[in-house]
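Everything on this sheet refers to the single structure shown next.
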Amino acid sequence: MTANGNGGALSTSSAIVLAAGKGVRMKSSTPKVLHEICGRPMIWWVLRALREAGVSRAMLVTSTENDAAVRAIADTIPDVEFDTVVQAEQKGTGHAAQIALKELKPRDGTILIANGDMPVVDGPLFRSVIAACDTLTAVAMVTAKMPLPSNFGRVDRDGDLVTRIIEARDCDPEELAIDEMNAGIYAFDEGALRSVIGELRPENAQGEFYLTDTVGLLAERGDRVVPVLSDPQLVLGVNDRTELAKARAAINQRLCEHHMRGGVTIVDPARTYLEPDLTISSDVVIYPNTSIGGATLIARGTRIGPNCRIYAATIGESAQITESVVLDSTVGAHVVVGPFAHLRDGARLGADVQIGNFVEVKDSSLDAGVKARHLSYLGDAEIGENTNIGAGTITCNYDGERKHKTKIGKRVKIGSDTMLVAPVKVGDGALTGAGTVVTKDVEPGDRVVGSPAKSIKKTPQVSS
Ligand code: UD1
Ligand code: MG
């Protein structure tokens, strides 16, 4: 029997994450654990779950190819002290664990070991397996019932205890029929693990050192191996692109459910794509085929979609955005955008602005009540309140070398098809006729037409 120093206490928990595998089945030049899921690399989700579980330090086993990237990802997770160790040659999960254990100072207590390719895992599952590794237990391991056929390792039991794990490729037909799988999450008594880790041999179908063989070695000598049965959805392993899609769908569903519980209507969660850093107020409605990412903030009562892409945006109350793209931009209350509009790179829309079809706004501020409802490009512009931008208006902001500003005052009427050749200013209350090419500043209240623009405002009569 093995004595466990801390009885599964969470405060002193440390962990090893195995993330060095090549991911051959992904058929990718990107290392497996760096593949993107809902706006984050796969491994980020696992590390975040460790933090949620209260793990205080973790050793990440990386490869030469992904070490720098994995370190950078770990740096974004607060509260957990991460170290990495490179496994230069991938000789199996047991070999990866050996390398990590060599780096860590031996200590009494529980050590969590988790595969890095199971992004759907959550903190409570990690906590429950750590808690199951009590003073009488050598290892607690997460298992799940899954439909057959499956590539997961099979869990061989004797009553309530596990006797060994058999990799699918090493199973005989009878073993292949077992439907309880090894999830790849283990809480070991560290002393017990260290006592058998040197005994692994690569005598199996893959010629690798299997971490899973430690279970059989411990059980054989009479130690307790306790299964912790989990929801199979939480332990989806990602080895190829079909499993990547399944894991993404599961995480996306979880993100959608979080916001729906917060009072957001999501018409079709399976066709709404969310990232983890969103703040969405209650009574927002999201229509299908919409993706929302970055640190986007959406105020109450707003309707978004269908067919929108929103990233790093701040959107005010009761706005309506339809079939449009909004990137790095701010949208005020009651604004209407779309269909088919593109706001990007610092577009700033005040309250009640209306942006219609085929209008692009880039790095420009449109004050309250501005309307640009058809076919325009507004770049590097400042537009005063209640100004109307006619169909086909273009700010000609680029002279081939540099970008220039267009400043349009309040209550201006810009006629259809006006070209504003920047740098240029149009004063408050001015008007441009259809097809005007504005190359010089227009005075407040003036009316200009033609190419180049000429004033047609009558000069006041001077009485004698
Ligand atoms: C592993 C388990 C299997 C389990 C499944 C759950 C072993 C031998 N098998 O199989 O029982 O059902 O996970 O998903 O452990 N890795 C390294 N270095 C290596 C090899 C792998 O760090 O040399 C890492 C991988 O990056 C991955 C994890 O270990 O994150 C698991 O490796 P993988 O090759 O995906 O194992 P599976 O075949 O999925
Ligand atoms: Mg795997």
Considering only the other residues whose Cβ falls under 12 Å of the Cβ of K425, what net charge follows from Lys and Arg at +1 and Asp and Glu at -1?
-2
Below 21 Å, Cα to Cα, which lysines can K410 reach? Residues fewer than 8 away in the same chain don't count.
K362, K371, K425, K440, K454, K457
Got a sec? Charge dipole of the chain, +1 on Cβ for Lys and Arg, -1 for Asp and Glu; which of G94, T395, W44 is way out at the positive end?
T395
Ranked by Cβ crowding within 10 angstrom, fewest neighbours first, how are H342, H259 ordered?
H342, H259
Percentage of interatomic Cα-Cα distances in the chain larger than 37 Å
45
Just to confirm my numbers, what's the Cα centroid distance between region 335-392 and region 435-452 in Å?
20
Within the chain, what's the longest run with no GluC sites (Glu not before Pro) in a DSSP loop and at most 13 other beta-carbon atoms within 10 Å? Give the range, please.
204-400
Give, as a single signed number, the net charge of other residues whose beta carbon lies under 15 Å from the beta carbon of Q90, with Lys and Arg counted +1 and Asp and Glu -1.
-1
With everything on Cα atoms, drop me the angle between helix 123-132 and the longest principal axis of the chain, reported from 0 to 90° to the nearest 10.
10
I'd like the distance between the alpha-carbon centres of region 93-120 and region 43-67, rounded to an integer number of Å.
11
What 222 nm value per residue comes from the helices of the chain, counting each DSSP H run with n ≥ 4 as -39,500 (n - 2.57) and dividing by all residues, nearest 500 deg cm²/dmol?
-5000 deg cm²/dmol
I'd like to compare 272-281, 416-425: which one has the highest average count of other Cβ atoms within 10 Å, and what's the full order after that?
416-425, 272-281
Just to verify a number: FRET efficiency for E382 and D75, C-beta to C-beta distance, R0 = 30 Å, to 0.05?
0.20
About the Cα centre of the chain, how large is the charge dipole given +1 on each Lys and Arg Cβ and -1 on each Asp and Glu Cβ? Please answer in debye to the nearest 20.
2260
Proximal charge balance of T110 [Cβ under 12 Å; K/R count +1, D/E count -1]:
-2
Expressed as a whole-number percentage, the relative contact order of region 324-464 with C-alpha contacts under 8 angstrom and at least six residues apart is 13
About its Cα centre, what dipole magnitude does region 377-458 give when the only charges are +1 on Lys and Arg Cβ and -1 on Asp and Glu Cβ, stated in debye to the nearest 20?
260
Tabulate in residue order the Karplus-calculated ³J(HN,Hα) for region 215-232, using 6.51 cos²θ - 1.76 cosθ + 1.60 with θ = phi - 60°, rounded to whole Hz; enter x for Gly and Pro.
4, x, 5, 5, 5, 4, 8, x, 7, 7, 10, 9, x, 10, 6, 10, 5, x
What full-extension length gain, to one decimal in nm, is calculated for I456 and E89 as 0.36 nm per residue of separation minus the Cα-Cα distance?
124.2 nm
Order of I16, I99 under a 10 Å beta carbon neighbour criterion, fewest first
I99, I16
What FRET efficiency comes out for D172 versus E220 if R0 is 22 angstrom and r is the Cβ-Cβ distance? Round to the nearest 0.05.
0.70
Rounded to the nearest 20 Debye, what is the dipole magnitude of region 191-325 about its Cα centre when Lys and Arg each give +1 and Asp and Glu each give -1 at the C-beta?
300
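Rule-based calculations on the coordinates, nothing more; no lab input. Computed from a prediction, not measured in an experiment: that's the story for all the values here. We place every Cβ from the backbone using ideal geometry, glycine too, and count neighbours over all the protein chains shown.
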